[in-house]
Amino acid sequence: MTIKNKGLNFFATSPKGLELLLVDELKNLGAAEANEKLAGVTFSGDLEVGYKACLWSRFANRILLFLKSEPVVTPEELYTATQSIHWDEHLSTESTLAVHCVCQQSEITHSLFAAQKVKDAIVDQLRDKYGTRPNVDREQPDVSIYVYIYRNEAFIYLDLSGESLHRRGYRLAGGAAPLKENLAAAVLQRANWPEIAKAGGTLMDPMCGSGTLLIEGALMAGDIAPGLLREYFGFLGWKQHEANLWQRLKDEAELRRAQGMQHIPTIVGYDQNPDAIHIAFDNIERAGLHGKIHVEKRDLMQFAPKSQVKHGLVVTNPPYGERLGELEMLQPLYTLLGEKLKEHFEGWQAAVLTGNPDLGKQMGLRANHYYALFNGPIPCKLLLFSITRDYFFDRSPQAENERRIKAAQRVAQLDDNIQMFVNRLAKNLKHYSKRASKQGLERYTVYDADLPEYAFLIELTLTEAYVIEYQAPKSIDKQKALQRQQQVLAVLPEALGVSPRDIFFSVQSRKK
């Protein structure tokens, strides 16, 4: 079963959410019949297309060459299906191999046991034929076999990539929470960085960590193949490897890199952690991008572009707050990021990858687009912003007050009962305001649950109103309590003569 150099079928695996990007990328590399699947893309083409995918794909994890599929229900049937492949056409007895297996919705459920049966079938066939067998190497084998058993059908592949393609070869350490390289590339692609770079735009990351977004941005802008630094691929020890073809593709990539390096725009990264900056600098050096990316220790408070820079992309992957109690601590960080964007980056684009979209709301910017992605097992949202005043969103307490009042006024149903509340409030206001004026009080109470069905405490200052709703007992219907709350908030601005921005509202228990 010698592989012919055309009409081959492949499967490219990828993180969830990157499939459509991978389809377009593979088509641009010459793939035919590229079709989106869950966590991957099927495609066809000659061996050159497979090699190009290994060298140039920014979004794939692995490129798998299809060998065979067959229904299997038992481990013995899996063994027999594997032995039907002529393995001496792919590896010799002096070669090393590794087998990886994934089982889903099948009678065979134990992935490690299934991988063992496939390995046994391969080595038994070669031992029976040649009297000796290949050894197992789980780190960097000459040939890597990937088996996917889905709904009792085994799909057997040769893993051309050998190890995940997100390992570009420039990152030895990733900091506390590293962003995988192919996810970083997807963030930049979705944020339209290639087009911004062609227009001479600047790329900036205010919380750059180990520099992954910056490096991937430089590779994209410089037309640099992401696999060019890798020394190991799964096809290098394969008996049907075409070394001349591979060398030609690498030579072409080296030429494109030399030309593209001249067109990398300004790329800058900051981080307040000096250790992260040290790691980023080392990664940039290993990526061969010395002098093309500037990184330095700088706090977010100092984040701003140089005066002569007029447009570009701010991209960052800030902390998510995965553990209890972290959310409140991170809110000021996102608020500050939004303030800096609005203050210094009007006219720019911005992209923020966050595992907590509620934190993204603290930025005071309306996203004009968002995408669902996964950072490992963590579901994330990629928020894309146009930094223009049309998208600015005031997150101040006063703005929250105004939004709350306006929302109540839209939905509140006013009736005779709320009119009784308004009348009582007017009577109290006339009486207590006079007394407060005589006594020189700066804050005084005008209403304290005078009508039991409207259990509110209302205090006034010269310019503001503080409204506390006493938390309703569990015996009170929640919908009815909400209707009363909306009624009160809707009438307060006119009844008190206070701007909606200056009416502060909260709910508390009576004891508190």
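Summary table below
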{"quantity": "Listed residue (Ser44, Thr109, Ala185) projecting farthest to the positive dipole end of the chain, Cβ model", "calculated": "Ala185"}
{"quantity": "Nearest 10 degrees, 0 to 90: helix 274-286 Cα axis against the chain principal axis", "calculated": "30 degrees"}
{"quantity": "Debye, to nearest 20: dipole size of the stretch 397-508, +1 on Lys, Arg Cβ, -1 on Asp, Glu Cβ", "calculated": "80 debye"}
{"quantity": "Centroid-to-centroid separation of the stretch 1-75 and the stretch 371-406 [C-alpha atoms, Å]", "calculated": "37 Å"}
{"quantity": "Cβ charges +1 (Lys, Arg) and -1 (Asp, Glu), total dipole of the chain, debye", "calculated": "1780 debye"}
{"quantity": "Degrees separating the helix 212-221 axis from the principal Cα axis of the chain, which is the longest one", "calculated": "60 degrees"}
{"quantity": "Within the stretch 8-159, percent of DSSP bridges classed antiparallel, to nearest 5", "calculated": "75 percent"}
{"quantity": "For the stretch 366-376, 3J(HN,Hα) per residue [Karplus equation, 6.51 cos²θ - 1.76 cosθ + 1.60, θ = phi - 60°, Hz, x = Gly/Pro]", "calculated": "8, 6, 8, 6, 8, 10, 8, 9, 10, 9, x"}
{"quantity": "Taking the C-alpha atoms of the stretch 397-508, convex hull volume expressed per residue in Å³", "calculated": "97 Å³"}
{"quantity": "Lysine pair number, Cα distance threshold 26 Å (strictly under), the stretch 8-159, separation 8 or more or different chains", "calculated": "15"}
{"quantity": "Intensity falloff of the stretch 8-159 expressed as log10 I(q)/I(0), Debye formula with alpha-carbon point scatterers, at q = 0.09 Å⁻¹", "calculated": "-0.29"}
{"quantity": "Which of Asn401, Tyr232, Trp246, positive extreme of dipole for the chain (C-beta unit charges)", "calculated": "Asn401"}
{"quantity": "Proxy reagent accessibility, fewest Cβ within 10 Å first, across His369, His278", "calculated": "His369, His278"}
{"quantity": "In Hz, Karplus ³J(HN,Hα) per residue of the stretch 54-64 (6.51, -1.76, 1.60; θ = phi - 60°; x = Gly, Pro)", "calculated": "5, 7, 10, 5, 8, 10, 7, 8, 9, 10, 10"}
{"quantity": "Built amide H within the under 5 Å cut-off of His311, gap 5+", "calculated": "Thr202"}
{"quantity": "Candidate aspartates and glutamates - alpha carbon under 19 Å from Lys430, same-chain residues fewer than 8 apart omitted", "calculated": "Glu442, Asp448, Asp450, Glu459, Glu464, Glu494"}
{"quantity": "Exposure proxy order (Cβ contacts within 10 Å, fewest to most) of Val41, Val488, Val268", "calculated": "Val268, Val488, Val41"}
{"quantity": "Charge dipole of the chain about the Cα centre (unit charges at C-beta), most positive-ward option of Met301, Leu203, Asn35", "calculated": "Met301"}
{"quantity": "Under-5 Å amide H pairs with Gln272, H placed in peptide plane, nonlocal only", "calculated": "Arg298"}
{"quantity": "Sorted by Cβ neighbour density within 10 Å, fewest at the top, the residues Glu25, Glu216", "calculated": "Glu25, Glu216"}
{"quantity": "Estimated distance in nm for a label pair at His86 and Gln140, the labels positioned 7 Å out from Cα along Cα-to-Cβ", "calculated": "3.1 nm"}
{"quantity": "Partners for Lys297 among lysines (Cα-Cα distance below 26 Å; same-chain residues under 8 apart left out)", "calculated": "Lys180, Lys306, Lys310, Lys340, Lys342"}
{"quantity": "Other-chain or far-sequence residues with amide H under 5 Å of Leu365's (modelled H)", "calculated": "Phe393"}
{"quantity": "Lysines whose Cα lies under 22 Å from that of Lys406, excluding same-chain neighbours fewer than 8 positions away", "calculated": "Lys361, Lys478, Lys480"}
{"quantity": "For the stretch 177-250: relative contact order, % (alpha-carbon pairs under 8 angstrom, 6 or more apart)", "calculated": "29 percent"}
{"quantity": "Under Karplus coefficients 6.51, -1.76 and 1.60, residue-wise ³J(HN,Hα) of the stretch 385-401 in Hz, glycine/proline x", "calculated": "10, 9, 7, 10, 4, 4, 9, 5, 9, 6, 9, 5, x, 5, 5, 4, 4"}
{"quantity": "Size of charge dipole - the stretch 294-379 - debye, nearest 20, with Cβ of Lys, Arg +1 and Asp, Glu -1, no other charges", "calculated": "280 debye"}
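FYI, it's all coordinate maths here, none of it is from the lab. Since this is a predicted model, take the numbers as computed values, not measurements. Don't worry about glycine lacking a Cβ; one is built from the backbone with ideal geometry, like all the others, and counts go over all protein chains shown.
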